[in-house]
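Comments concern the structure below.
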Amino acid sequence: MPILARTDFKLGTKILMYGSTVGFGLLAVWNSIDCLRTKDFGHLWIIAIPVFISCVAGFIYTTRHELTLSDMELVQYGFRRKHIPLEQIVSIVENLGAYEVKSPNTSIRITTDLQNKNLFKDQLIAQIQEIDTNKNSLPGRRLANENQHKIFEQIQHMINVGMETETLFEADSSLFEQLTESAYYLVYEHPVHSFLNRAYDAEGEEVSSFLKRLTETPTTSGPNIFVLPHHLEWLILCLGNGDILVKPVEE
């Protein structure tokens, strides 16, 4: 698997950790010699040897700590190797300047002490986007980010209005047979990551074929799919659990 990005501790952090390791290591050695000279073995077992072991562990951690991103997984090297397949990432959360990447089984932190932390995070997100786009492809021409943002704002407004006025109704797949527009906005909403949301301008025939495949493949969880005409007067929502909702034209 090709390595797309790599990061490690900043130089200042490494100097601090190496300096502390060497300093406390020398202190532990000097203390051990003094303990042997004075035959104070209790002091040796309680202080000198634990400090020396800690210094060795810190040295190993400093030299091995590295994050690498390939086209398939994120890997952290430290006391033990941790890896997360990109398809299993369930969240990327910022916490006190660091980014915590979680899967169902483990987590990896992109800490503030790492070089080019934000660039590494951006590369990770870009790779997740590429994987999701290939895995959950939609027909049509993808809209620019600015236009996508406007579409999602309109969708949220229509859903809010539908819930407030109780005009958001359940429907079934026979509704798709009534679609007669020449083109539609086809919108993908990821169930977890908002940075994976995207919108397309697709031909009517492409949308009909896509919706047919969607209803023929029942799922218990997945992304939400929205269908809107270019005039944005009504909305069809295909939920990830297979339910279909419609917000009709306001009268």
For residue 215, are the conditions met, namely being part of a loop (DSSP other than H, G, I, E, B), more than 18 Å from residue 134 (Cα to Cα) and either of a type outside the set (A, V, I, L, M, F, W, C) or modelled with pLDDT under 90 (or both)? no
Which one of 123, 156, 148 is in the same structural domain as residue 7 (by TED's automatic domain parsing) and either under 22 Å from residue 197 (Cβ atoms) or modelled with pLDDT of 90 or more (or both)? 123
Which listed residue, of 40, 34, 71, is of a type outside the set (S, T, N, Q) and at pLDDT 85 or above: 71
So which residues in the stretch 70-105 are of a type outside the set (A, V, I, L, M), touching a residue at least 40 places away in the same chain (Cβ under 8 Å) and in a loop (DSSP other than H, G, I, E, B), if there are any at all? 71
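Residues checked against (1) within 30 Å of residue 121 (Cα to Cα); (2) touching a Leu at 6+ places or on another chain (Cβ under 9 Å):
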| residue | (1), (2) |
| --- | --- |
| 171 | no, yes |
| 174 | no, no |
| 177 | no, no |
| 180 | no, no |
| 198 | yes, yes |
| 205 | no, no |
| 211 | no, yes |
| 243 | no, yes |
| 247 | no, yes |
Considering every residue within the stretch 212-221, establish whether at least one is of a type in the set (S, T, N, Q) and buried (at least 16 other Cβ atoms within 10 Å of the Cβ). no
Restricting the search to the stretch 73-126, which residues are hydrophobic (A, V, I, L, M, F, W, C), closer than 29 Å to residue 59 by Cβ and surrounded by 14 or more Cβ atoms within 10 Å (Cβ to Cβ)? 74, 75, 84, 98, 101, 108, 110, 114, 120, 124
Identify the single condition in (1) touching a strand residue (DSSP E or B) at 6+ places or on another chain (Cβ under 6 Å); (2) part of a loop (DSSP other than H, G, I, E, B) that residue 137 does not satisfy, given that it satisfies every other one. (1)
For residue 210, state whether it is more than 22 Å from the chain's Cα centre (by Cα), modelled with pLDDT of 90 or more, assigned to a helix (DSSP H, G or I) and not assigned by TED's automatic domain parsing to the domain that holds residue 88. yes
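The values are calculated or read from the model by the stated rules, or taken from the named source; none is laboratory data. Just so you know, these numbers come straight off a predicted model, no measurement behind them. All Cβ positions, glycine included, derive from the backbone under ideal geometry; neighbour counts span all protein chains shown.
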